[in-house]
Amino acid sequence: MTIGVGLIGTGYMGKCHALAWNAVKPVFGDGPEPALVHLAEVSPELAHRRADEFGFEKWTSDWRELIADPAVEVVSVTTPNAFHAEMAIAALEAGKHVWCEKPMAVGFSEAERMAAAARASGKVTALGYNYIQNPVIRHIKRLIDEGAIGTVNHVRFEMDEDFMADPEALFYWKSEASSGYGALDDFGVHPLSLVQFLFGGVRRVMAQLSMPYADRPSRDGGRRAVETWDIASVLLELSNGETGVMALDRSAWGRKGRIAVQVFGSKGTIAYDQERMNEFQLYTASDHAAEQGFRTILTAPVHAPYERFIPAPGHGLGFNELKIIECHELLRAIRGEAAQIVGFDRGLEIERAVHAMAQSHREGRWVSV
Ligand SMILES: NC(=O)c1ccc[n+]([C@@H]2O[C@H](COP(=O)([O-])OP(=O)(O)OC[C@H]3O[C@@H](n4cnc5c(N)ncnc54)[C@H](O)[C@@H]3O)[C@@H](O)[C@H]2O)c1
């Protein structure tokens with residue numbers, strides 16, 4: 001059995017989705033087998049070129065043509081944030097499943113409309129929360145649930161990159177208010193997906209946002225005022241009552257893809273960093289006092305679904321492989337199986353937390369989610 005795939009947008013994430021659609025069958029071996037049917041980009045030239053490169057049968061510069069194509073059964077939405085709601089809702093209303101990049105939408109009401117459209121359609125939806133697919137993160141969840149570090153007392157999440165660290169970096173869509181708040185919905189949603197996966201969610205937040213550079217050079221040679229906040233510091237109260245901290249920075253020189261997680265429990269600590277995504281650190285207080293210390297555990301075939309990619313331990317998966325796993329989870333959900341994806345219903349909870357953080361910053365107080 002095959003499933004017809006449509007891809008809207010072919011930038012960083014578009015290519016990542018295309019790689020996943022091409023690889024999911026060879027890696028996992030089960031169905032339905034993706035048939036790459038239709039691709040949409042802004043210009044006919046780019047659409048044509050990308051369709052050739054990615055292996056899609058048809059291309060268009062009008063994404064609505066792709067949505068109207070009866071051969072398309074599932075749509076990847078990988079365009080800038082401002083387009084997610086319109087494209088995802090149109091696809092759902094046309095009876096397609098949707099795999100949409102994060103953040104879900106820019107405004108909360110748009111996210112609510114997306115969740116309502118998903119419910120009304122009965123179709124499967126998945127958001128691009130790829131980090132929850134890492135076999136390391138899955139194993140960390142197992143350890144926490146099994147009590148390997150006792151009762152969890154406190155959690156810390158940091159997400160830092162430096163692509164906006166240079167004050168002279170060109171103004172682009174991520175500095176426009178139409179993309180959202182900035183670090184909160186560009187970055188914050190990822191740690192929040194981990195919080196949701198590992199601990200269930202967030203009850204209250206207290207946030208402060210900051211904007212390191214007031215303006216940036218624009219393509220027309222002038223300067224343009226920055227409209228988004230590149231830095232966020234947030235206190236969290238999780239839904240299970242535990243306390244946490246989330247720190248985000250898109251202008252942190254030297255940090256390339258850091259998502260640092262620390263989970264402190266009554267019997268030990270777990271530490272993880274996405275920049276070293278094939279390992280995690282475990283400290284257990286029950287070790288002999290003379291040998292206490294963090295030990296590094298490398299991923300191996302025992303950490304499913306690592307074994308689907310590589311039979312040897314310690315060889316390592318990469319970012320694009322997380323997307324292949326996410327794609328496979330989406331296909332499992334389409335087959336009617338229980339799958340590890342963040343659909344639009346659970347995605348709405350993440351959006352709720354993001355907007356509560358922005359409100360907390362505006363009003364200078366704790367806000368319930
Ligand atoms: N899951 C992740 O880890 C992750 C990482 C990076 C980006 N993202 C998300 O992916 C989305 C895209 O980001 P990106 O970095 O790939 O951006 P990008 O700028 O590299 O790519 C966006 C693509 O969409 C195309 N596009 C824009 N408007 C279009 C339209 N109307 N019709 C068809 N194509 C259109 C652009 O031409 C471009 O090729 C964003 O929402 C971003 O937040 C997710």
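In square nanometres, what is the average projected area of the Cα convex hull of the chain? With the hull built on Cα positions only, its mean projection is 19.3 nm².
In this structure the chain gives 41 Å² per residue of accessible area when probed at 1.4 Å with all protein chains present. For the chain, the carbon plus sulfur part of the accessible surface works out to 51%, probe radius 1.4 Å. Derived value for region 29-130: Kirkwood hydrodynamic radius 14.0 Å. Basis is the mean of 1/r over every pair of different alpha-carbon atoms. With the cut-off at under 20 Å, measuring from each backbone N in region 226-261 to a point 7 Å along the Cα-to-Cβ line of residue 362 picks out 226-235. Here is how the number arises for the chain: DSSP H runs of 4 or more residues each give -39500 (n - 2.57), the sum is divided by the residue count, and the result at 222 nm is -10000 deg cm²/dmol. For the pair residue 35 and residue 276, label points projected 7 Å from Cα toward Cβ lie 4.7 nm apart. Beta bridges per DSSP, both residues in the chain: antiparallel share near 60 percent.
Extension gain, residue 240-residue 310: 0.36 nm per intervening residue step, less the Cα-Cα distance, totals 21.5 nm.
Computed extension length for residue 288-residue 203: 26.8 nm, one decimal, from 0.36 nm per residue of separation with the Cα-Cα distance subtracted. Mean separation of Cα pairs under 8 Å and 6 or more residues apart, divided by the residue count, gives region 1-52 a relative contact order of 48 percent. Using θ = phi - 60° in the Karplus curve 6.51 cos²θ - 1.76 cosθ + 1.60, the 3J(HN,Hα) couplings for region 291-301 round to 10, 6, x, 6, 10, 9, 10, 8, 5, 8, x Hz; x is entered for Gly and Pro. For region 1-113, the relative contact order works out to 28 percent when only alpha carbon pairs closer than 8 Å and six or more residues apart are counted. Identify which of 22, 134, 81 has the largest mean-square fluctuation in a Gaussian network model of the chain, with springs joining Cα atoms closer than 10 Å. Of 22, 134, 81, the Gaussian network model singles out 22 as fluctuating most. Full extension of the chain between residue 48 and residue 211 yields a length gain of 54.8 nm, computed as 0.36 nm times the residue separation minus the alpha carbon distance. With contacts taken as Cα pairs under 8 Å and at least 6 residues apart, the chain reaches a relative contact order of 19 percent.
Residues whose amide H comes within less than 5 Å of that of residue 341, counting only those at least five positions distant or on another chain, are absent (H built at 1.01 Å from N in the peptide plane).
Considering only 357, 206, 159, the Gaussian network model of the chain with Cα springs below 10 Å gives its largest mean-square fluctuation to 206.
The values are calculated or read from the model by the stated rules, or taken from the named source; none is laboratory data. Computed from a predicted model, the values in this text were never measured in an experiment. We place every Cβ from the backbone using ideal geometry, glycine too, and count neighbours over all the protein chains shown. For the accessible areas, the whole protein counts, side chains as well, though only heavy atoms, and no ligand, DNA or RNA atoms are used. Shrake-Rupley method; radii C 1.70, N 1.55, O 1.52, S 1.80 Å.
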